[in-house]
Amino acid sequence: MKIDRFRSWLPKSVEALSGYSSGDFAADLTAGLTVGLVALPLAMAFGISSGVTPQAGIYTAVIAGFLISALGGSRTQIGGPTGAFVVVIAAIIAKHGLSGLLMVTMMAGMILLFLGITGLGNAVKFIPRPVIIGFTNGIAVLIASTQVKDFLGIRAEGAVPSEFIERMRYLWEHLGSTSPTTVLLALCSLVVIISFPRITRKVPGSIVALVLATACVPLLGIPVETIGSKFGGIPTGLPPLVVPELRLDLVIPLLPSAVTVALLAAIESLLSAVVADSMSGDRHNSNVELVAQGIANLTVPLFGGIPVTGAIARTATNIRSGARTPVSGMVHALTLLAIILFAAPLARFIPLGTLAAVLFVVSYNMGEWREIPMILHQEPKDIVVWLITFALTVLADLTIAVEVGMTMAALLYIYQVSRTTVVAPITSEAIEKARVHRLQDRTIPPYVGIFHIQGPFLFGAAEKLNDVVIDDLNLIVILRLRYMTALDATGLYAIERFHERLHASGRTLLLCGARSQPKRLIYTSTLPRVVGARNILPNITSALKRASTINEGFGGIGEEAASGLIEAPV
C-alpha cells in the first residue's frame with residue numbers, strides 16, 4: 001500500500017525511464033527542438049506584452065519548461081509563460097512594480113503546491129464551462145488590444161493605459177501617428193503566419209515570419225521599432241540569480257492577485273494536460289502536475305521570471321512533432337537556453353510588429369470562439385454567466401472576474417443541486433402508483449404520515465423542509481432518508497428545526513433508512529439526543545413498528561383525532 005502511494009507521486013519523467021530507448025530519445029529530440037523554436041517568439045512576446053523584458057519571458061520558458069517537464073504529471077505537457085497571465089501581470093506591475101509581481105508569483109506557487117498536495121486542485125474541474133469560456137474570450141480580447149500599438153507602429157508619449165476602455169481611447173487619439181511601414185511589415189508577417197501551415201506543418205509559420213522579418217529589417221534598412229531599439233537587445237548568458245524582496249506588508253493586498261494567478265495556472269495546466277491525454281492516449285496525474293507548477297512558480301522569480309502554466313498550443317505542437325516522454329519538454333527548454341547563449345545578439349533585430357502579429361494569432365486561437373454558439377443555445381442562466389464573466393474580464397479586472405466567476409460557479413452548483421432534491425409526502429396513492437420499495441402492500445396507519453427526502457440534502461436545499469406546513473401533518477411523522485444521498489450541517493439543522501416545530505405542536509418525529517454518509521453525520525451530531533435515539537430507525541419497517549408502539553403508549557388515537565395525510569406545499 002505504501003509503495004503504491006509512493007508511486008502515485010512519481011513524476012512522469014521517472015516513469016518514462018523504464019524501457020526508454022534510443023528511438024524514444026530521437027523522437028523526443030526532434031519534438032523538443034521544434035517546440036523550442038515555436039516557444040521562442042511566444043516567450044519574448046509574452047514578456048514584452050506583460051510589461052517586462054523579452055529576456056524575462058525567455059528565462060521563464062527555460063526554467064519553468066524544464067522543471068514542469070521533469071517534475072510534472074503529464075508525459076507531453078510543455079510549460080512556460082502564456083497569454084492567460086498577460087493582463088494580470090501588466091496590472092500587478094502597474095500597481096506594485098516588479099517586486100510585487102515576483103511576490104505574487106511565489107505566493108501563487110505556494111497555493112499551487114497546497115492544491116496539489118491536498119488534492120484540492122481537482123476542484124477546478126467543477127468550474128462551469130460558461131465561466132471558463134468567458135475568461136478565455138475576455139483574455140483573448142485583452143491580449144489583442146495590447147498589441148494594436150506595436151502592430152500599427154503608433155508613436156506616442158506616455159504609457160498605454162491598462163484599462164481596456166482607456167486603452168482604446170488612447171489608441172484612437174493617437175491613430176494619426178501610425179507607421180505605414182510597420183503596418184505593412186506586420187501585415188506581411190500575419191499573412192505568413194496564417195498561410196504557411198497550408199504549405200507545410202513541419203515548420204511553424206511564426207518561426208518563418210520571425211526569421212524573414214528579422215533578416216529583412218537590417219538587410220533592407222526598414223525603419224521599424226525592434227527589440228534592440230526598445231530594450232537594447234537580449235543579454236547573452238545565463239540569467240542572474242536574484243532573491244526577490246519580500247515585503248510582509250504587501251502579502252494581504254497581493255493575495256487576491258496570487259489566488260487569481262494560481263487558479264488560472266491550475267485551470268490552464270489541467271486543461272492542457274487533458275488535451276495532451278486525448279492526443280497521446282496517456283493519463284496525467286493532476287496532483288503531481290500541480291505540484292510541479294507550484295515548484296516552477298516558486299523558482300522563476302529567483303531569475304526575474306513571470307508566472308507560468310501548461311501551454312496548450314505548445315503542448316499540442318510537441319505531441320504532433322512526435323514527443324513520447326517528458327524528455328522532449330526538457331529538450332525544448334535546453335533549446336531556448338542554447339539560443340540565449342549563442343544567438344542572443346541577433347534578437348535585437350526582431351521587429352515588435354512581427355511579435356504583435358504572432359500574439360494576434362495566439363489570441364485568436366486561444367479565444368474558444370467556436371464555443372460561443374454552443375453557449376448561446378444553453379439556458380438563459382448559462383448565457384448570463386458567460387456574458388458577466390466576459391464583460392468583467394474585459395472591462396473591469398481579471399482578478400474581479402475570477403472572484404465573481406468562481407462565486408457564480410458555486411451558486412450555479414448549489415442551484416443545480418437544490419433542484420435535484422425533493423422533500424415530499426408519501427401517500428397511499430403514490431405507493432400504489434410508484435411501487436415504493438418496502439411500502440407496497442402495507443397500510444399506513446391513520447395516525448402516521450411519511451415524508452421522504454430524495455437527493456442531497458445540503459445547504460442549498462434545506463429550506464424545502466422548512467416550507468412544510470406543520471398543521472396539516474399527522475400526529476406521528478416519519479422522515480424517510482433512504483434516498484437522501486448526502487447531508488451537511490445545514491441539513492442537520494433543518495431536521496432539528498423540523499423536529500422542534502413538530503414537538504411544539506404535539507407531534508412526534510421518527511427518522512429512518514439513512515445511508516452511510518448521512519448516518520455517520522447524524523450519529524456524530526446532537527440529533528440523536530434532540531430527537532431521541534429510539535426514534536432513529538434503520539428502515540421503514542422498524543419505523544412503522546416504533547410508530548405503533550408510540551401510538552399504543554398514548555392509548556391509541558381515534559379516527560377523529562387522526563387526520564389523513566395531506567400533501568403539504570414543499
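The values are calculated or read from the model by the stated rules, or taken from the named source; none is laboratory data. All values derive from a computational prediction rather than experimental measurement. Note: ideal-geometry Cβ built from the backbone for every residue, glycine included; neighbour counts use all protein chains shown.
Points to keep in mind about this one:
- Verdict on Leu336 being surrounded by fewer than 23 Cβ atoms within 10 Å (Cβ to Cβ) and in contact with a Gly (Cβ under 9 Å, 6 or more places away or on another chain): no
- When the residues of segment 347-377 are filtered to those that are modelled with pLDDT of 85 or more and not in a helix (DSSP H, G or I), the one that is surrounded by the fewest Cβ atoms within 10 Å (Cβ to Cβ) is His377.
The rows are residues; the columns are (1) buried (at least 20 other Cβ atoms within 10 Å of the Cβ); (2) hydroxyl-bearing (Ser, Thr, Tyr); (3) not in a helix (DSSP H, G or I).
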{"site": "Thr299", "(1), (2), (3)": "no, yes, no"}
{"site": "Gly322", "(1), (2), (3)": "no, no, yes"}
{"site": "Ile340", "(1), (2), (3)": "yes, no, no"}
{"site": "Pro345", "(1), (2), (3)": "no, no, no"}
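- Members of segment 378-389 found to be farther than 11 Å from Gly138 by Cβ and surrounded by 12 or more Cβ atoms within 10 Å (Cβ to Cβ), listed by number: Gln378, Lys381, Asp382, Ile383, Val384, Val385
Yes or no, residue by residue, for (1) surrounded by 21 or more Cβ atoms within 10 Å (Cβ to Cβ); (2) touching a His at 6+ places or on another chain (Cβ under 6 Å); (3) farther than 14 Å from Trp369 by Cβ:
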| site | (1), (2), (3) |
| --- | --- |
| Phe126 | no, no, yes |
| Val131 | yes, no, yes |
| Phe135 | yes, no, no |
| Ala140 | yes, no, no |
| Gln147 | yes, no, yes |
| Arg155 | no, no, yes |
| Phe164 | no, no, yes |
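- Listing of helices (runs of 4 or more DSSP H) fully contained in segment 1-120 that carry 3 or more residues being without any contact (Cβ under 8 Å) to a residue 40 or more places away in the chain and either polar (S, T, N, Q) or outside the structural domain of Leu290 (by TED's automatic domain parsing) (or both): 2-7
- The combined condition, being in a strand (DSSP E or B) and surrounded by 15 or more Cβ atoms within 10 Å (Cβ to Cβ), is fulfilled by Val423.
- Boolean, Thr53 is buried (at least 24 other Cβ atoms within 10 Å of the Cβ) and not aromatic (Phe, Trp, Tyr): no
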